[in-house]
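Inspection log for the structure reproduced underneath, given as structure tokens.
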Amino acid sequence: SCSRKLPPGPMGLPVIGNLHMLRDLPHRSLHRLSKKYGSIMFIRLGLVPAVVVSSPQAAELFLKTYDEVFASRANAQAVECLFYGNNSLVFLHYGPYWRNIRKICTLELLTNLKVEYFSPMRKEEVSNLVKSLRVTAKAQTVVDLSFMVQSLMEDMTFLMLFGSKDDRFDFKPVVQETLRLTGTFNVADYGLNHRFKTTSKVLGKYLEEIIEEHVRDARETRATKNTVFIQVMLSLMESQKHGLDRENVKAIMVDMLAAAMDTSSTVIEWAFSELMRHPRVMNRVQEELQNVVGNRLVDETDFSKLSYLDMVVKETLRLHPASPLTVPHESTEEIMIDGYLIPKKSKILINIFAIGRDPNAWSENTEAFYPERFIGTNIDLRGREFQLIPFGSGRRSCPGIQMGLTVVRLVLAQLLHCFNWELPEGTFPKNLYMSERFGQTVPRANHLVLIPTSRNAVNE
Ligand code: HEM
């Protein structure tokens, strides 16, 4: 009946539904469609009903008012192959087991205390990068900034998870492939099963070896050092309090690898890209760094005084949310929202990208990179204000927000304070290539290549 109507949406085709409309960059195609059909839009991903949410008001309904109904995840084929039969925190269905694992992550792994504990490690890793960039700067040659930042993130994530860097395993391409595959909607249609299985096997083998070494070490030294993530997880497993087994531990390590490595480097890459296109903003960030930090290296305790840098990070996440569509949620019951019927087991996609560009929330110049828009507002990144939710909001929001933001701020601040950056010859701010590559995270389609020169003002 008309009182139980589905949200409006584009007509689909038999079997494939609206999949053909998503093209290469689904967050952009869905944004365009939502301008026509509205901020609560119904589509079909193959045979699966899906609802796309594209405004702050609608997001508040799905992630706050009725959060509990939408806090589950869909059963994706990719996930079953890749993440140890849905053991992964990111993909677990809503319920007591998810709550247990989420608690372990927020109370044991991603606490503010843990973020602080790893501060000396971050400092050392970033200083090493600065040192190697100084050599390049002297030679006035180009550097592949994307690659450098990705490698830095890989090293830092390894140190946090396993306590050492390890040249035997190259997780970076495997994690990137994982994120690309999990972001793909129509796995079956593209016959990606084989790739899923191969990727999963490689990850599983790496992790098994690493876990085995840590178990052996713990046995030999008879001491448990509850610092790095794998040790915390293994000792929780030994204690048998949480009913964890090895597969659970592996799944959580994959979560942490996938969630930590690519998201932060993506944000840093986009921030740099926008700063290169906007020399005025670049100058202002560097001026602030000079005024607040002066002739020494940036320290994490400086962050509270770097308010312009904070606005630059927010503006980057508004225009380039690292994960422009949330990991799909799933409705656990049929429910009426804003006069529309949302069927049970619908996939719910929150289009964070569209929300960051909603003209009702952000005025007309939504496409412009303009950090000053945050002056005098109390919009933060914690998901309380629904016009800016790059970390999601509510029960399934990102538990790694503090960890992620700390890394992003530190790397950006240090690299901008220690160096001036130029585009290679022939590239100008206005024509810097800004294309995206789709996946669960959306990084630049091609690497950002720049020329650093040392800023004399900074002594080490
Ligand atoms: C700047 C970096 C980051 C961004 C932009 C980001 C963004 C997000 C987003 C959008 C979600 C999905 C929210 C939803 O489905 O509604 C998410 C989930 C998640 N993130 Fe992050 N994230 C970042 C860094 C991290 C880090 C460093 C970690 C851990 C080390 C992490 C761990 C997770 C986990 C475990 C989930 C799944 C939570 C659940 O399903 O209960 N993230 N993140």
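Observations
- Listed conditions (1) touching a Phe, Trp or Tyr at 6+ places or on another chain (Cβ under 8 Å); (2) in a helix (DSSP H, G or I) are all met by Lys430, apart from (1).
- Number of the condition not met by Leu410 [criteria: (1) within 14 Å of the ligand (Cβ to nearest atom); (2) modelled with pLDDT under 95; (3) more than 14 Å from the chain's Cα centre (by Cα)]: (2)
- Only residues that are at pLDDT 95 or above and in a helix (DSSP H, G or I) were counted across region 23-56, and they come to 12.
- Flag if Ala59 is within 22 Å of the chain's Cα centre (by Cα) and either among the polar types (S, T, N, Q) or modelled with pLDDT under 95 (or both): no
- Test for Glu247: is it of a type outside the set (Gly, Ala, Ser), in a helix (DSSP H, G or I) and within 24 Å of Leu423 (Cβ to Cβ): no
- Contacts under 7 angstrom Cβ, first residue in region 312-326 being closer than 12 Å to Ala354 by Cα, partner more than 10 Å from the ligand (Cβ to nearest atom) and assigned to a helix (DSSP H, G or I), 6 or more apart: His320/Trp270; Pro321/Phe353; Pro324/His27; Pro324/Phe353; Leu325/Pro26; Leu325/His27
- Odd one out for Asn295, checked against (1) over 19 Å from Val115 (Cβ atoms); (2) in a helix (DSSP H, G or I): (2)
- Every condition in (1) modelled with pLDDT of 95 or more; (2) more than 12 Å from the ligand (Cβ to nearest atom) holds for Asn295 except the one numbered (1).
- All told, Glu238 meets the bar of being away from the ligand (no atom under 15 Å from the Cβ), over 14 Å from the mean Cα position of the chain (by Cα), among the charged types (D, E, K, R) and assigned to a helix (DSSP H, G or I).
- Any pair with Cβ under 6 angstrom, 6 or more apart, that starts in region 394-408 at a residue that is in contact (Cβ under 8 Å) with a residue 40 or more places away in the chain and ends at one that is among the charged types (D, E, K, R) and more than 7 Å from the ligand (Cβ to nearest atom): Gly394/Lys64; Gly394/Asp67; Arg395/Asp67
- Residue that is nearest to the chain's Cα centre (by Cα) [pool: residues in region 342-379 that are part of a loop (DSSP other than H, G, I, E, B) and closer than 30 Å to Thr332 by Cα]: Gly356
- Residue in region 109-119 that is within 11 Å of the ligand (Cβ to nearest atom), of a type in the set (A, V, I, L, M, F, W, C), closer than 18 Å to Val408 by Cβ and part of a helix (DSSP H, G or I) present: yes
- Top-ranked residue in region 258-276 [being hydrophobic (A, V, I, L, M, F, W, C) and modelled with pLDDT of 95 or more; ranked as farthest from Arg122 (Cα to Cα)]: Met276
- Of residues in region 382-398 being more than 6 Å from the ligand (Cβ to nearest atom) and either among the basic types (Lys, Arg) or outside any loop (DSSP other than H, G, I, E, B) (or both), the one surrounded by the most Cβ atoms within 10 Å (Cβ to Cβ): Arg395
- You will find that of Ile379, Ile355, Ile401, the residue that is closer than 23 Å to Ser34 by Cα and either touching a Cys at 6+ places or on another chain (Cβ under 9 Å) or within 16 Å of the ligand (Cβ to nearest atom) (or both) is Ile355 and no other.
- Scan of region 66-92 for residues that are in contact with a strand residue (DSSP E or B) (Cβ under 8 Å, 6 or more places away or on another chain), modelled with pLDDT of 85 or more and within 12 Å of the ligand (Cβ to nearest atom), ordered by number: Phe70, Ala71, Ser72, Arg73
- His447 modelled with pLDDT of 95 or more, in a loop (DSSP other than H, G, I, E, B), out of contact with any His (no Cβ under 6 Å at 6 or more places or on another chain) and away from the ligand (no atom under 16 Å from the Cβ): yes
The values are calculated or read from the model by the stated rules, or taken from the named source; none is laboratory data. Worth saying up front: this structure is predicted, and the values here are computed from it rather than measured. Here the Cβ is made from the backbone with ideal geometry for all residues, glycine too, and neighbour counts use every protein chain on show.
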